[in-house]
1. Return yes or no: is residue A:36 basic (Lys, Arg) and exposed (fewer than 14 other Cβ atoms within 10 Å of the Cβ)?
2. Regarding segment A:174-197, can at least one residue be identified that is farther than 30 Å from residue A:84 by Cβ, in a loop (DSSP other than H, G, I, E, B) and either among the polar types (S, T, N, Q) or in contact with a Phe, Trp or Tyr (Cβ under 7 Å, 6 or more places away or on another chain) (or both)?
3. Please verify whether segment A:56-68 includes one or more residues that are in a helix (DSSP H, G or I), farther than 20 Å from residue A:228 by Cβ and touching a residue at least 24 places away in the same chain (Cβ under 8 Å).
4. Taking into account only those residues within segment A:149-166 that are part of a helix (DSSP H, G or I) and not basic (Lys, Arg), which is farthest from residue A:114 (Cα to Cα)?
5. Within segment A:105-112, does at least one residue satisfy the condition of being in contact with a Lys or Arg (Cβ under 6 Å, 6 or more places away or on another chain), within 26 Å of residue A:9 (Cβ to Cβ) and within 15 Å of DNA strand B (Cβ to nearest atom)?
6. Looking at residue A:75, is it surrounded by fewer than 15 Cβ atoms within 10 Å (Cβ to Cβ), assigned to a strand (DSSP E or B), among the aliphatic types (A, V, I, L, M) and under 19 Å from the mean Cα position of the chain (by Cα)?
7. Just for strands (runs of 3 or more DSSP E) wholly inside segment A:217-264: which have at least 2 residues that are more than 15 Å from DNA strand B (Cβ to nearest atom), farther than 16 Å from residue A:155 by Cβ and out of contact with any Asp or Glu (no Cβ under 7 Å at 6 or more places or on another chain)?
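The values are calculated or read from the model by the stated rules, or taken from the named source; none is laboratory data. These figures come from a predicted structure and were not determined experimentally. Note that we place each Cβ from the backbone using ideal geometry, even for glycine, and neighbour counts take in every protein chain shown.
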Amino acid sequence: MIIATFNVNSVRQREAHLVRWLKARAPDIVCLQELKCEDHAFPRSEIEALGYQVETHGQKTFNGVAILSRFPITIEERGLPGFPDEQARYIEAVASLPGEKGAPGTAIRVASIYCPNGNPAPGPKYAYKRAFMAALMGHARALLALEEMLVLAGDYNVIPEPRDARNPDLWRADALFLPESRADFRRLLTLGLTDALRATTDSGGLYSFWDYQAGAWPRDNGIRIDHLLLSPQAADRLRGAGIDRDLRGAEKPSDHVPVWAELG
DNA sequence: ATGCCTGCGGTTCGCAGA
């Protein structure tokens with residue numbers, strides 16, 4: 001099965017891109033971020049027509065997250081537990097996977113996460129980013145104790161390492177690359193989560209975001225900030241991972257592209 | 001050193017993003 005994360009930067013503006021990509025990549029579960037619309041405005045029927053159950057946690061103008069699934073899903077959380085927040089940045093579901101040849105089915109828990117940007121740092125926005133990450137770590141610890149297949153996927157707004165940026169020195173003072181931000185992300189890994197892409201390759205030059213400005217895309221001035229973090233039970237089934245960077249070259253693209261992992 | 005670009009809301013500009 002393929003599970004993917006995609007920050008669409010307005011699902012209404014990106015509906016055609018999303019449909020085209022869903023048909024081409026054929027992911028089983030998709031985590032979306034930055035819907036930038038309320039639940040009633042989500043292009044639900046178009047996605048359902050492709051065979052997906054659609055669950056949204058939307059908000060007017062900003063933020064908004066969703067989970068699309070070809071398997072039946074039950075929503076566990078809308079909003080990050082222990083972190084009261086007016087901003088729609090977290091949705092969590094459990095998907096029921098069919099068993100093979102009459103064997104009992106299994107389940108996978110999935111969260112779609114839109115971590116705060118945090119700029120400018122320092123300041124209240126950076127404090128909010130740190131608080132969100134702290135709450136996420138607390139919740140991740142509780143979820144890992146369940147010893148389930150678990151995927152925490154989304155836009156983490158963290159560049160984990162220098163090799164995850166074309167020009168790391170340009171990001172030294174940015175909230176996405178400050179040592180404290182990277183430490184927050186590293187603490188998630190220390191809990192026992194695996195960065196799916198990094199489990200499959202040590203290569204640099206693998207980016208998931210290119211700014212709209214200053215010719216970032218043609219210069220390949222990108223950063224890797226969209227991640228799928230796997231519990232040990234999910235990591236054991238990891239068969240591959242990748243980034244669909246071609247979408248960035250489309251007309252009117254999102255500034256992010258989809259990242260995916262295949263679990264056996 | 002600053003803005004570049006894009007989306008949104010709601011009006012022709014400000015805010016947010018990263």
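1. no
2. Scanning segment A:174-197, I find no residue that is farther than 30 Å from residue A:84 by Cβ, in a loop (DSSP other than H, G, I, E, B) and either among the polar types (S, T, N, Q) or in contact with a Phe, Trp or Tyr (Cβ under 7 Å, 6 or more places away or on another chain) (or both), so the answer is no.
3. Scanning segment A:56-68, I find no residue that is in a helix (DSSP H, G or I), farther than 20 Å from residue A:228 by Cβ and touching a residue at least 24 places away in the same chain (Cβ under 8 Å), so the answer is no.
4. A:162
5. no
6. So residue A:75 fits the description; yes.
7. A:238-243, A:259-263
Rundown of residues vs (1) modelled with pLDDT under 95; (2) within 16 Å of DNA strand B (Cβ to nearest atom); (3) farther than 17 Å from residue A:176 by Cα, yes/no style:
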position	(1), (2), (3)
A:124	yes, yes, no
A:131	no, yes, no
A:138	no, no, yes
A:147	no, no, yes
A:158	no, yes, no
